[in-house]
Amino acid sequence: MSHKTAFLYFRFYCKYQLPTKDTNRELWVIGSRVNDGICDCCDGSDEWRYVTLPPDLRLKDTSNHGAKQSPCVNNCDRLLQEQKNQENIVNLGNKARKSYIDFAKQHGMQNNNEFGPDGVFYKVSQTCKELKIREFVYIICPFGTAKQSSFGTEHVIGRRGTWKTWTKSHDFQLLMDNGDSVQCPENIPRTTTIIFQCGLEEKIISIGEDERCHYLVNWSSPAACEGQYL
């Protein structure tokens, strides 16, 4: 293996290491991504040569992109604060989650796997949330009905709910299918996937279509804070 080839595969360890609960995990960048014009380390230490991307590859607006372009700025303090904020949300969310389990017990749902571990999502099933995006109004009731309306026309975009993903890594994704098929390709019924993430309140964070007539809903809930630790 030539020296040049070996360089492409070596590990460059970021100068500043964001603290994590996994003390054995260090942040590193593969050699081929060092001095490539993209800031991979939060302190920009992987771009010490200040290489910049060609004009035709540079993004004019990076606010909606995770990638940061050289010349780099040190974002470690901001990321550290965001990490602390998230840890606080997780800790408070875990405490709030206990009340959701108590709610399920009060209604005899603690052993009903339809509503997740310990029936923790039963309380979520009693909730509906609304979000307006331009001319569209969405009303999402997990385990019930999801609807989209605009200009007086309403479509059901999902009914009931079955777990698409439910793992020990707190990855909760609920599939609501059998929606209306009008104006969908080949009359395929609309479906909605709700991706639950740890939060301090029941809230729709975002809604979008990853493909025609399939909707993705990001939903915040204490119910999704099961054993989350950063």
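The values are calculated or read from the model by the stated rules, or taken from the named source; none is laboratory data. Being a predicted model, the structure only gives us computed values, none of them experimental. Here the Cβ is made from the backbone with ideal geometry for all residues, glycine too, and neighbour counts use every protein chain on show. In case anyone asks, the SASA skips ligands and DNA or RNA and just uses the protein heavy atoms, side chains included. Shrake-Rupley method; radii C 1.70, N 1.55, O 1.52, S 1.80 Å.
Values computed for the structure shown
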item	result
From the options 124, 137, 156, residue that is surrounded by 13 or more Cβ atoms within 10 Å (Cβ to Cβ) and closer than 28 Å to residue 102 by Cα	124
When residues of the stretch 154-183 are limited to those that are among the β-branched types (Val, Ile, Thr) and modelled with pLDDT of 95 or more, the one nearest to residue 194 (Cα to Cα)	157
Criterion (hydroxyl-bearing (Ser, Thr, Tyr) and loosely packed, with under 15 Cβ neighbours inside 10 Å) met by exactly one of 191, 165, 145	165
Condition broken by residue 157, with the remaining ones in (1) among the aliphatic types (A, V, I, L, M); (2) more than 25 Å from residue 89 (Cβ to Cβ); (3) out of contact with any Phe, Trp or Tyr (no Cβ under 8 Å at 6 or more places or on another chain) satisfied	(3)
Condition met for residue 92 (in contact (Cβ under 8 Å) with a residue 60 or more places away in the chain, assigned to a strand (DSSP E or B) and open to solvent by less than 80 Å² (accessible area, probe 1.4 Å))	no
Among the candidates 31, 37, residue that is at pLDDT 85 or above, in contact with a strand residue (DSSP E or B) (Cβ under 7 Å, 6 or more places away or on another chain) and at negative phi	31
Hits in the stretch 59-89 (condition: at pLDDT 80 or above, under 22 Å from residue 198 (Cα atoms) and either under 18 Å from the mean Cα position of the chain (by Cα) or part of a loop (DSSP other than H, G, I, E, B) (or both))	79, 82, 83, 84, 85, 86, 87, 88, 89
Of all residues making up the stretch 104-153, the number that are polar (S, T, N, Q), within 26 Å of the chain's Cα centre (by Cα) and at pLDDT 95 or above	6
